[in-house]
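FYI, it's all coordinate maths here, none of it is from the lab. Not measured: the values here are computed from a predicted model. Note: ideal-geometry Cβ built from the backbone for every residue, glycine included; neighbour counts use all protein chains shown.
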Amino acid sequence: MRKRAETIEKMKELREKGYSYWKISEILNTLKVPPKTKKGRWHARTVQNVTA
């Protein structure tokens, strides 16, 4: 749970710095951060929904 909270906080920080949802999803996928489902990839819409 802590990792998820840290990931969400990082996403919010990146948004505040002006990163697009797409770019954040690209960063998360490059770093191999698993999405909540533990399978698949991050998508811009998912990042947007999580940070809303």
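Taking the Cβ of ALA44 as the centre, find all other residues whose Cβ is under 13 Å away and add up their charges (Lys, Arg: +1; Asp, Glu: -1). Every neighbour counted, the sum reads +3.
Normalised by the number of residues in the stretch 2-51, the average gap of Cα pairs under 8 Å and 6 or more apart makes the relative contact order 39 percent. Rounded to the nearest 20, the Cβ-based charge dipole of the chain about its Cα centre (Lys and Arg +1, Asp and Glu -1) stands at 280 debye. Model label points for LYS10 and THR51, set 7 angstrom from Cα along the Cα-to-Cβ axis, are 1.3 nm apart.
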